[in-house]
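The values are calculated or read from the model by the stated rules, or taken from the named source; none is laboratory data. Computed from a predicted structure; not experimentally measured. Note that we place each Cβ from the backbone using ideal geometry, even for glycine, and neighbour counts take in every protein chain shown. What goes into the accessible areas is simple: the full protein's heavy atoms, side chains included, and nothing from ligands, DNA or RNA. Shrake-Rupley method; radii C 1.70, N 1.55, O 1.52, S 1.80 Å.
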Amino acid sequence: MFVIAQLSDLHVNGTHHNRARIEAAFGYINSRADGIDALLVTGDLTDHASPDEMLEARKLITSPLPTLITIGNHDARPSFNTVFRPEVEPTSPVNEALTIGDVTLLSVDSSLPGERRGFLDDETLAWLDAQLATAADRVVIAFHHPPVTLGMPMMDSIMQSSPERLGAVVDAHPKIVALVCGHAHSGAVTTFRGRPLCLAPGVSSTLNLPFEGSGVINRGQPAGVAFHLIDDDGRVITHFRAIPD
Ligand SMILES: [Fe+2]
Ligand SMILES: [Fe+2]
């Protein structure tokens, strides 16, 4: 069994509230690292993409696990790359690959500079295609913006635009066993082009469904983590855990 931990929507912003939740989430995962193969962090690392926030995110995102990080609409390529990947051009999309045994993780940048909605640009799609050509037999693709609506009107209005671009990639590659993302601050499971699509809960907050409350944020919900298990047949089982403050 291959085990992937996923955290999303850390929203580092200098507050004790978010910092404490992030530390608790990493503590929960890191203290169980012996049973976990890899960690995915799927964007909105910071609230405002400032250098100070990104430096704090760099300190908080600490794990003995092989880790792939991508960015969300609250982040920005220049501040992320300056802090996390100083060797690349500051405006480069944040696309990274990791192969462990017969599983390849592909983490792609769905951020669209200056906008809240998402989009996979031509450079990122070309990178994804090239990676898939040499990937292991089982592939999980991670990004920030869901490519489908979720029954959350506000978040649905800023989902991944032109999802058929990702759909064409998924259709062409049966080895993709699951797609994982964040952005909605809501642990959720659905499908995309017939493959599992799993959203990690938000670490910093949970957003209300329309019938849960009139406010945007559901303040009664704790931080959460998703664990994606890939069994020997390539079937993906996702478990969610709440992490009390
Ligand atoms: Fe977020
Ligand atoms: Fe987001």
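Quick look at the numbers
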read-out: GNM flexibility winner over the chain from Ala126, Ala178, Ala136 (Cα, springs under 10 Å); value: Ala126
read-out: Alpha-carbon gyration tensor eigenvalues x 5, square-rooted, for the range 156-226, Å; value: 27, 14, 9
read-out: Isotropic mean projected area of the C-alpha convex hull, the range 10-94 (nm²); value: 5.2 nm²
read-out: Coordinate range along principal axes, alpha carbons of the range 1-143, Å, largest first; value: 42, 37, 27
read-out: Calculated P(r) tail over 18 Å for the range 60-193, as whole % of Cα pairs; value: 54 percent
read-out: Surrounding net charge for Val148, when Lys and Arg each add one and Asp and Glu each subtract one, Cβ distance under 11 Å; value: 0
read-out: Fraction of antiparallel bridges per DSSP, the chain only, in percent to nearest 5; value: 50 percent
read-out: Largest-first principal axis extents, alpha carbons of the range 118-245, Å; value: 45, 33, 21
read-out: Glu164-Ala133 FRET efficiency (beta carbon distance; Förster radius 22 Å; 0.05 resolution); value: 0.60
read-out: Solvent-accessible area of Thr91 with every protein chain in place, 1.4 Å probe, in Å² to the nearest 10; value: 90 Å²
read-out: Val3 - accessible surface, heavy atoms, 1.4 Å probe, Å² rounded to 10; value: 20 Å²
read-out: Viscosity 1.002 mPa s, temperature 20 °C, Stokes-Einstein D of the range 2-243 from Kirkwood C-alpha radius, µm²/s; value: 122 µm²/s
